[in-house]
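Encoded as structure tokens, the structure appears first; notes follow it.
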Amino acid sequence: MSMTSELKDALGARFDGMKSGDDGWQALADAGVLGLPFSQAHGGLGLAPRDGFAVLETLGERATALPYLECVLLAGVLLDRAEGEHAAAWLPRIARGEAKLAFAWLDDKDAARAEADSNGWRLSGGKLLAIGAAEADAVIATAEAIEGVAAFLLPRDAVAMKAYPTIDGRRAADILLDDVSLPAAARLALTPNDIAEILDLGAAAIAAEAAAIMARLVTDTRDYCRQREQFGQAISSFQAVQHRLVDMHIEARRAAAAAALAADALDLEAAARAKAISAAKVTIADAGRFVGQNAVQLHGGMGMTEELPVSALFKRLTVIESEFGTRDEHLARYIALS
């Protein structure tokens with residue numbers, strides 16, 4: 001059994017044993033996975049960020065909405081790569097479950113900009129859909145500087161936010177950067193390529209999560225069809241339903257293969273990495289829509305209720321379809337790189 005499988009099994013057993021009201025974030029801290037991709041010097045395990053995909057898969061297939069991707073695999077990995085006093089101060093606390101970071105990368109119509117001044121930096125513009133920002137202790141936000149995209153560590157009380165729930169059970173916030181003044185040290189020692197790489201990491205991570213969700217939907221839908229009866233027999237005995245279940249299984253397997261290729265592509269040079277991840281994102285979007293919609297349809301009215309996880313899983317797949325770039329945006333990037 002691989003380390004990833006062992007991690008998923010152990011973490012899955014931990015979450016399956018939790019009771020209503022238990023703190024899922026503390027469960028991740030107790031399992032030791034909040035510091036998984038951080039260097040040992042910063043209180044982590046020194047593993048590759050892609051090893052954290054097993055955590056996302058475990059959470060995803062259980063429809064458990066926690067900001068592990070945003071706090072640990074994105075903001076945390078960026079801070080670990082930047083090193084310096086901010087990494088030393090924040091990462092050990094994140095690993096222990098004592099602090100959270102958010103990552104704000106998606107620009108508003110008035111894109112975030114950074115200008116150097118006598119005191120350090122001045123940020124203006126806005127960011128959208130920063131998952132977990134309202135509950136975070138600090139936010140890493142990207143902004144366009146003269147030399148390209150830069151990343152800044154913002155204290156939570158330095159920015160104005162508008163928080164709101166998302167359809168998949170998470171909480172996001174839009175951030176207003178109204179001439180925010182920051183010291184020079186707030187800019188992290190990262191290049192535009194570092195930031196582009198972390199966005200590709202995010203796309204690969206949600207591809208892995210989506211593949212796990214699809215596998216769960218196929219299993220749950222198959223089991224439900226074996227239990228639900230019409231005309232005195234289980235609907236799983238109907239040929240039309242069998243064909244649809246087979247098609248769902250094929251699409252879920254195709255998604256899993258695409259997600260695996262995306263994870264492997266993280267080790268490639270920039271252009272090859274971007275092309276492979278965009279191809280995977282298009283595949284995930286198409287397969288996710290097919291599997292999700294058929295799962296809801298075969299569950300009938302039960303597929304729209306909160307009594308079964310299918311509704312929450314379908315909503316998460318719907319969000320993943322456009323997260324870290326829409327299907328059309330990734331298709332355009334793939335064509336441009338071909």
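The values are calculated or read from the model by the stated rules, or taken from the named source; none is laboratory data. From a predicted model like this one, the values you see are computed outputs, not experimental measurements. Don't worry about glycine lacking a Cβ; one is built from the backbone with ideal geometry, like all the others, and counts go over all protein chains shown. When the accessible area is computed, the model is the full protein with side chains, heavy atoms only, and any ligands, DNA or RNA have been set aside. Shrake-Rupley method; radii C 1.70, N 1.55, O 1.52, S 1.80 Å.
Test ALA87 against the criterion of being in contact with a His (Cβ under 9 Å, 6 or more places away or on another chain) and either over 15 Å from LYS8 (Cα atoms) or open to solvent by 10 Å² or more (accessible area, probe 1.4 Å) (or both), and give yes or no.
Yes, satisfied.
Here is a list of conditions, (1) outside any helix (DSSP H, G or I); (2) modelled with pLDDT of 95 or more, and ALA332 meets all of them except one; can you say which number that is?
All conditions pass for ALA332, except number (1).
Please determine, by comparing only the residues of segment 303-327 that are more than 19 Å from the chain's Cα centre (by Cα) and open to solvent by 60 Å² or more (accessible area, probe 1.4 Å), which one is nearest to GLN242 (Cα to Cα).
Restricting to residues being more than 19 Å from the chain's Cα centre (by Cα) and open to solvent by 60 Å² or more (accessible area, probe 1.4 Å), the top hit is MET304.
State all residues of segment 143-190 that are part of a loop (DSSP other than H, G, I, E, B) and open to solvent by 50 Å² or more (accessible area, probe 1.4 Å); if no residue qualifies, say none.
ILE146, GLU147, ILE167, GLY169, ALA189
When the residues of segment 128-138 are narrowed to those that are free of Cβ contacts under 8 Å to residues at least 60 places away in the same chain and closer than 20 Å to PRO183 by Cβ, which ends up least open to solvent (accessible area, probe 1.4 Å)?
My answer is ALA138.
Which one of these is of a type in the set (A, V, I, L, M, F, W, C) and not in a helix (DSSP H, G or I): LEU308, LEU298, LEU201?
That would be LEU308, the only listed residue that is of a type in the set (A, V, I, L, M, F, W, C) and not in a helix (DSSP H, G or I).
Yes or no: THR58 buried (at least 24 other Cβ atoms within 10 Å of the Cβ) and polar (S, T, N, Q)?
When the stated conditions are applied, THR58 passes them.
Quick one: in segment 90-112, which of the residues that are of a type outside the set (Phe, Trp, Tyr), farther than 22 Å from PHE324 by Cβ and in contact with a Leu (Cβ under 8 Å, 6 or more places away or on another chain) is surrounded by the most Cβ atoms within 10 Å (Cβ to Cβ)?
Among those residues, the one meeting the criterion is LEU91.
Pairs only if they're at least six apart or on different chains, beta carbon under 6 angstrom, first in segment 148-162 and charged (D, E, K, R), second in a strand (DSSP E or B) and open to solvent by less than 10 Å² (accessible area, probe 1.4 Å); list them, first residue then second.
ARG156/ALA138
May I ask you to list the residues in segment 53-79 that are under 26 Å from PRO155 (Cα atoms) and not in a loop (DSSP other than H, G, I, E, B)?
First, the residues of segment 53-79 that are under 26 Å from PRO155 (Cα atoms): 65-79.
Answer for segment 53-79, where residues must be under 26 Å from PRO155 (Cα atoms) and not in a loop (DSSP other than H, G, I, E, B): TYR68, LEU69, GLU70, CYS71, VAL72, LEU73, LEU74, ALA75, GLY76, VAL77, LEU78, LEU79.
Being open to solvent by less than 40 Å² (accessible area, probe 1.4 Å), assigned to a loop (DSSP other than H, G, I, E, B) and either of a type in the set (Ser, Thr, Tyr) or modelled with pLDDT of 95 or more (or both) is the requirement here; does VAL33 meet it? Break it down into steps so the answer makes sense when it comes.
Working: open to solvent by less than 40 Å² (accessible area, probe 1.4 Å): yes; assigned to a loop (DSSP other than H, G, I, E, B): yes; either of a type in the set (Ser, Thr, Tyr) or modelled with pLDDT of 95 or more (or both): yes.
So VAL33 passes the test.
Hey, can you tell me all the residues within segment 183-199 that are hydrophobic (A, V, I, L, M, F, W, C) and over 22 Å from ILE131 (Cβ atoms)?
Start the filter on segment 183-199 by keeping residues that are hydrophobic (A, V, I, L, M, F, W, C), which leaves 184-186, 188-190, 195-196, 198-199.
Correct list: ALA184, ALA185, ALA189.
Is at least one residue of segment 229-243 modelled with pLDDT of 95 or more and in a helix (DSSP H, G or I)?
Yes, because at least one residue in segment 229-243 is modelled with pLDDT of 95 or more and in a helix (DSSP H, G or I).
Among the residues of segment 60-89, write down those that are hydrophobic (A, V, I, L, M, F, W, C) and in contact (Cβ under 8 Å) with a residue 60 or more places away in the chain.
ALA63, ALA65, LEU69, CYS71, LEU73, LEU74, ALA75, VAL77, LEU78, LEU79, ALA82 - these are the residues of segment 60-89 that are hydrophobic (A, V, I, L, M, F, W, C) and in contact (Cβ under 8 Å) with a residue 60 or more places away in the chain.
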